[in-house]
Amino acid sequence: ATSPSERPRAAYRGVMPGYFEAMAIPVRDGRTFTEFDGRDDGQRVAIVNETLARRYFGSTGPVNRLVKMPMAGDLTIIGVVADVRHGGLQSQAVPEVFVPYERLALSQMQVMVVTSVSVADASSAAKSALASVDPSLPFGKISRMEDLVSASIAQPRFNMLLIIGLALSAAVLAAVGVYGVVTHAVMRRTVEIGVRAALGAQPQQAFSLVVISALKLVVVGVIA
């Protein structure tokens, strides 16, 4: 027998039919739940994510294999779905086992609604549907998926904008510095350029002289 620390571990989630379709979670192998999977007289089934399948089943594949879960007993794996980073885009995916919600009914739940109407209209319709089931049930906060994703990357986005701002400031300061150095160098050689012109130098030659001198300063600055 293995110790508790050595036993396979996985997050446990109860979902209803249509959850993976509503969340646009790709199915890698097998199938998703149907309305018959949660019945008492039906087969006890589960769906696992790619991380669990890769970590505990390797290349053999978990579909049609049995997995023993607390409170649910032996479950037959019927599908594998893509990983979801529930903790945010910066978090790592963890092994997950999904079972029909009827097998894992909790005191609270989150409902995913796919709709083309506004948030206010969707919220009103959801509240009415919930009240028709049980008027005493509390209704929590409703959020758009775009807002949840945006909130999860708020800190990385701020860091990125800060770095971009600092980089642009540095580029502007560098450009101003190079302009000042080149202007000063050209002013110091004004007399030389005039003498060269008086001796028959072409404007293109004076231009090349200034450009080559400026490029030398820019190259040294870039290397530094």
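The one condition from (1) farther than 27 Å from Val149 by Cα; (2) touching a residue at least 60 places away in the same chain (Cβ under 8 Å); (3) open to solvent by 30 Å² or more (accessible area, probe 1.4 Å) that Asp37 does not meet is (3). For segment 97-122, the set of residues classified as among the β-branched types (Val, Ile, Thr), open to solvent by less than 90 Å² (accessible area, probe 1.4 Å) and within 18 Å of Phe139 (Cα to Cα) consists of Val113, Val119, listed by residue number. When residues in segment 59-84 are screened for being open to solvent by less than 90 Å² (accessible area, probe 1.4 Å), modelled with pLDDT under 90, part of a loop (DSSP other than H, G, I, E, B) and among the aliphatic types (A, V, I, L, M), 1 of them pass. Checked against (1) among the β-branched types (Val, Ile, Thr); (2) loosely packed, with under 10 Cβ neighbours inside 10 Å; (3) closer than 28 Å to Ala24 by Cβ, Val149 passes all but a single condition, namely (2). Annotation: of all residues in segment 16-55 being in a strand (DSSP E or B) and not acidic (Asp, Glu), the one that is nearest to Val84 (Cα to Cα) is Asn49. For segment 88-110, taking the residues that are touching a helix residue (DSSP H, G or I) at 6+ places or on another chain (Cβ under 8 Å) and farther than 16 Å from Tyr56 by Cβ, the one that is modelled with the highest pLDDT is identified as Met109. Looking across Ile193, Ile153, one residue alone is touching a Leu at 6+ places or on another chain (Cβ under 9 Å), on the phi < 0 side of the Ramachandran plot and touching a residue at least 24 places away in the same chain (Cβ under 8 Å). It is Ile153. Criterion applied to Ser169, Ser213, Ser208 was being polar (S, T, N, Q), at pLDDT below 80 and either part of a helix (DSSP H, G or I) or surrounded by 10 or more Cβ atoms within 10 Å (Cβ to Cβ) (or both), and the one residue passing it is Ser213. Cβ-Cβ distances below 7 Å connect the following pairs, each with a first residue in segment 50-62 that is over 12 Å from Asp29 (Cα atoms), a second residue that is of a type in the set (A, V, I, L, M), and a separation of six or more residues or different chains: Thr51/Ala93; Thr51/Val94; Leu52/Ala10; Leu52/Val97.
If you check Ala197, Ala151, Ala175 for being closer than 25 Å to Ala22 by Cβ, part of a helix (DSSP H, G or I) and hydrophobic (A, V, I, L, M, F, W, C), only one passes: Ala151.
The values are calculated or read from the model by the stated rules, or taken from the named source; none is laboratory data. Values in this document were obtained by computation on a predicted structure and should not be read as measured data. Don't worry about glycine lacking a Cβ; one is built from the backbone with ideal geometry, like all the others, and counts go over all protein chains shown. With ligands, DNA and RNA removed, areas are computed over all heavy atoms of the protein, side chains included. Shrake-Rupley method; radii C 1.70, N 1.55, O 1.52, S 1.80 Å.
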